[in-house]
DNA sequence: GAGTGGTCTAGACCACTGT
DNA sequence: CAGTGGTCTAGACCACTCC
């Protein structure tokens, strides 16, 4: 006789269901059997079935909706953000003429999608620097800042691919009214172009990358389960005079984002 | 009368306990009250208490050990890996003499800890390239590879700060027996120095960063809960002739790692 | 109103840890 | 051995969605 399976039964059920999802027997978008149905068919209690489903949710395979049911998730578009090239690419684009810039933005650069496939959202406000932002921007506590929140999503998936929270010193920006107009962002040209209109040239961009659990808001917006981490990039832009001109926090769903950095090394002297 | 708290009671309990941990009333390392005690004192069922504790575990605040109890975690040492500088720094070190190299390795460079605070572990084996590694190293399926697993931990925390899985084509490496000797790794000098002894100079290193749930082994080794993500870096080293000479997967606990990348931008022509 | 997932209870047995 | 966390059961009520 075979030795019995030693794993907990809820995990066995979770893996059975996972196999059915992977094989296409439970295709994306379909409503899963309800918890009571699964309990009946598997011979387990509803509690154990719920444990199995919690596991599937942590794996990012299903989404539960109260009152409606549990759905199999579509495999998500994976996004590669190649920041090393991206930043230089954005800088080079600044000097192109507007017709050229309008053709493609950075998200298309990342995803290969065209502008018709994408939806944009922007939201501006004025805030005062809290302790963290004051330190990041190297300004005094309470300094007025322009806060810009924006996200981009694919038309085929409702959830955004990234959400950005960008902060700039308000007085830096006040000279160019375009920068205060939500309708003018981020096209055409991106932030580097807008800074260019203020006579600012970037010298360096530093990225700090972390992983952390999403806030409830972020989980909602990015359509991930609270158990799935987000990847965050804090991007600090420094201009040629050494001043920090923008700090942006970019939040991405950890289950479908790859960040790519390339390092060219200096040659040894032979 | 106050309107009642609308949140689930297990979450209220989780937040009460969180507050006690944050305030120091439940200091790091201490054994928490057992689940039955908490059930009695809170008036909830053990199931609800377990839900509260699951939440605390996902927040990374406590660690449950079967048969022993649930402990409050110590806040972890955060590690900043500055890969942009690190790789060039490693390359520059190759040409220094051995006495100089022995003084510090890359982990000290990251953490600011001295060599006396650190413990090392290494483990070598020969494997054949699977589909993924064959593609990453651009070799044929089944090509013999040297697989090196190593980790470094602080003496004050048992869990490693990083775990690396490094793969090199075996025939590339066979010429230098030092590279096959676990005792000789990674000190002194690191991989770049060992490649130097084979006449190999690196030209470029690419990093691909992802976040994902840990495997059960990784959760165990890094001492994180299965609900806490790991950050992974796939580091691909390319030599001056364009050949991929090493692929390394570096796995780090997501709750205490920051990756830092710095980009110097080219100046506009004025 | 019927069905769904979210919360909650009061039990039970198990594997594992300490003594 | 007693105590711990891990699994599991068979119920219950709730808020929510859809018809």
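None of the figures in this text is laboratory data; all of them are computed from the coordinates on show. Only a predicted model underlies this, so the values are computations on that prediction, with no experimental measurement involved. Quick reminder, even Gly has a Cβ in these numbers, built from the backbone with ideal geometry, and neighbours come from all protein chains shown.
Across the identical copies, the label point of residue B:131 (7 Å from Cα in the Cβ direction) is separated from its matches by 5.1 nm, in order from shortest. Look at B:191, A:197 and count the other Cβ atoms within 10 Å of each Cβ; fewest to most, that gives A:197, B:191.
With distances taken between every two different alpha-carbon atoms, the stretch B:46-98 has a Kirkwood hydrodynamic radius of 14.9 Å.
Shown for A:124, A:261: other C-beta atoms within 10 Å of each C-beta, ranked fewest to most, produce the order A:124, A:261.
Label-to-label distances for residue B:64 across copies, nearest first, come out at 1.6 nm, using points 7 Å from Cα in the beta-carbon direction. Within the stretch B:9-72, the proportion of C-alpha pairs whose separation exceeds 18 Å stands at 25%. Taking one quarter of the surface of the C-alpha convex hull of the stretch A:196-270 gives a mean projected area of 8.1 nm².
Ordered by the number of other Cβ atoms lying within 10 Å of each residue's own Cβ, fewest first, A:22, B:32 fall into the sequence A:22, B:32. In this assembly of identical copies, the label point of residue A:46 (Cα plus 7 Å along Cα-to-Cβ) is separated from its counterparts by 2.2 nm, sorted shortest first.
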